[in-house]
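One structure below.
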Amino acid sequence: MMRDVRMRGWIEAIAAAISGILLIVTLVWRDWIEEVFGVDPDQHSGALEWAIVAVAVCATLTFSLLARGEWRRAKALQPRTQ
């Protein structure tokens, strides 16, 4: 079945994983932007982090549902052997 999944399905699955990781990292380590990039765009208000969480939740759900559709399409294309 895995060979029947189009490249689009793989890209959507990878994008869902990346956005999910970003979501978890942002929830666990709230000041990662300040420490990694050395800038403080929201002056420690946390607004940017919550915006990232909201976008990451939407992206994770969207990409997960799209990837699920691709995997189901690939499964439906498989011939039944019985």
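The values are calculated or read from the model by the stated rules, or taken from the named source; none is laboratory data. For clarity, every value in this text was computed on a predicted model and none was experimentally measured. Glycine gets a Cβ as well: all are built from the backbone with ideal geometry, and neighbour counts include every protein chain shown. Remember, those area values only see protein heavy atoms, side chains included, never the ligands or the DNA or RNA. Shrake-Rupley method; radii C 1.70, N 1.55, O 1.52, S 1.80 Å.
Here are some notes:
- Computed P(r) (all Cα pairs; the chain; 10 Å bins; percent): 18, 35, 22, 15, 7, 2, 0
- Gain upon complete extension [residue 36, residue 51; 0.36 nm per residue less C-alpha separation]: 3.6 nm
- By accessible area, using a 1.4 Å probe on protein heavy atoms only, the chain has 68% of its surface on carbon and sulfur.
- In order along the stretch 11-25, the Karplus-derived 3J(HN,Hα) couplings, from 6.51 cos²θ - 1.76 cosθ + 1.60 at θ = phi - 60°, round to 5, 5, 5, 5, 5, 5, 5, 5, 5, x, 5, 4, 4, 5, 4 Hz, and Gly and Pro are given as x.
- Stretching residue 77 away from residue 10 to a fully extended chain increases their span by 22.5 nm, per 0.36 nm per residue minus the current alpha-carbon distance.
- The trypsin sites (Lys or Arg not before Pro) of the stretch 1-65 meeting both criteria, a DSSP state outside H, G, I, E and B (loop) and at most 12 other C-beta atoms within 10 angstrom of the site's C-beta, are 6.
- The chymotrypsin sites (Phe, Trp or Tyr not before Pro) found in the stretch 4-82 that occupy coil by DSSP, while having at most 14 further C-beta atoms within 10 Å, are 29.
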